[in-house]
1. Using the Karplus equation 6.51 cos²θ - 1.76 cosθ + 1.60 (θ = phi - 60°), what ³J(HN,Hα) coupling, rounded to whole Hz, does each residue of the range 120-130 give in order, writing x for Gly and Pro?
2. In what sequence do D385, D174 fall when counting other Cβ within 10 Å, fewest first?
3. Just to confirm the number: angle between the C-alpha axis of helix 47-81 and the first principal axis of the chain, 0 to 90 degrees, nearest 10?
4. Find the relative contact order for the chain and round it to a whole percent, using C-alpha pairs within less than 8 Å whose residues are 6+ positions apart.
5. Under 5 Å between amide hydrogens, which residues at least 5 positions from M26 or on another chain qualify, with H placed 1.01 Å from N in the peptide plane?
6. So for the chain, taking the charge dipole from beta-carbon charges (+1 Lys/Arg, -1 Asp/Glu), which of G59, L330, G76 sits furthest toward the positive end?
7. What does the chain give for Rg and for Dmax, in Å, if only its C-alpha atoms count?
8. Restricting to DSSP H runs of at least four residues, report the calculated mean residue ellipticity at 222 nm for the chain, -39500 (n - 2.57) per run over all residues, nearest 500 deg cm²/dmol.
Amino acid sequence: MSTGILLGIAVGAILVLLLLVIQLKMSAFVAMLLVSLGTALVTGIAPEEVVGTLQKGMGNTLGSVMIVVGLGAMLGRIIETAGGADALALAFTKKLGAKRVIGAVVAAAFVLGIPVFFDVAFIILAPIVFGFARIAGINPMRIGLPVAGVLLTVHVAMPPHPGPVAAAGITGADTGMMILVGLPICAATAFIGHFAAKLIDVEKYELGDSPASAHIGSVGSAGFEGALAVGRKAIPARLVVLLILLPIVQIMGGTVSNMLLDDGPTRKWMGLIGSSLVALLVAVIVASIAVGHHQGWNLEKRGSVLDSALPDVAVIVFVTGAGGVFASVLVASGIGDALSTSLVAMRMPLILAGFLISAALRASQGSATVAILTTAGLLAQPIADAGYSPLQTMLVTLAIGFGALGLSHINDSGFWIVTKYLGLSVKDGLKTWTLLSTVLGLTGFLLTWGVFALVG
């Protein structure tokens, strides 16, 4: 098929999907499976390969998301049931004041997001974000959106995340320089994104049943102290901090050892201990023991609290998996390759080409990491031929990362995690999260291009 036809099919598939979900109110899970099946057939994927392609997309996505979402939800449920989210939010709000809470949480998310994958960090922080919103008496979107934005910013641009690290290896960029120069650019991007999120009129969006909506209006006139007056003994704020930091420290340890240690038993064991699965599993077990003891829960109560978290995230898991199915079909159909090839042929400046190709691939197939790696591979030789300095090479690589930051929509698993946790409909998610991620991507790129112009 020609590039034009493939791109037309991709646009048509997305429009049909939006029509089914927004206008016909079809289940997002069913709609994505239906559109994925149709897209696979129309783009010429052999009938005997269609089911395998769909299953591969579901399996690959759920393999990385389902365990993390389940364990993260359990950790959050333990903290929430014991009043920990409220206790932590109350302690910080009384010290900082309600007006500084959002900035403080966003800044903390920026730091915590550097070593931790986007979806893991967001799931870990979600109950805390909603607890802060509850205590401050504000819409949870006011904190949830900028927190998700800064987490995704560092995920696509900063080592040790896989996309930036692999892209640097492909283009020959220095990862140390990427951290040194990229960190202030990411910080400035997050700062601007924080204020951009404030411009979104979140009050006009109605939140559906979700972890976020459960906290709306629960403080009322009772004020901060009244938020905990529900007949329970809340766990100390310091214990909440320790439970949140435990998996993050483990993951950081695994990341640092992978970067600094030679290949050997120590590095392998640290990699296992620092994996998201093991880190969250340890955190859940420790939380069950520590919180259960503090609250006086018996073994049956502890198990029931853990199990109660799973039904609430079932929809998130299934819809996220269906997003992976759609992305898998778009990749297998060759739509992404056709799009990137057509952009390369335009012969634009490499830093601009890197951003646009990465953004186009991100929009067409969903995965930020795939978009970064594909773009880096396409431009590796042109970058080498351009005779760039190490700093210029690094900046082009950084621009590729920022290209994958924006346009998070229905074929991105992260879109479903953010919108389902916040209780946003697809239409409202496109108006808020997709818009904010795109603003962040453009901001990061323009800052990077500005530095490139100065050093050029």
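1. Rounded to whole hertz, the list is 5, 4, 5, 5, 5, 7, 3, x, 6, 4, 6.
2. Working: D385 9, D174 15.
Sorted ascending by nearby Cβ count, the order is D385, D174.
3. Helix 47-81 sits at roughly 30 degrees to that axis.
4. Relative contact order for the chain comes out at 25 percent.
5. Answer set, sorted by chain and number: V21.
6. Positive-most Cα among the choices belongs to G76.
7. 22.0, 69
8. Values: 21 runs with 349 residues, N = 456.
Computed ellipticity for the chain at 222 nm equals -25500 deg cm²/dmol.
Computed from the coordinates by the stated procedures, all read-outs in this text should not be read as laboratory data. Keep in mind that this is a model prediction, so the values were computed, not measured. Because the Cβ atoms are built from the backbone with ideal geometry, glycine has one as well, and the counts that use them run over all protein chains shown.
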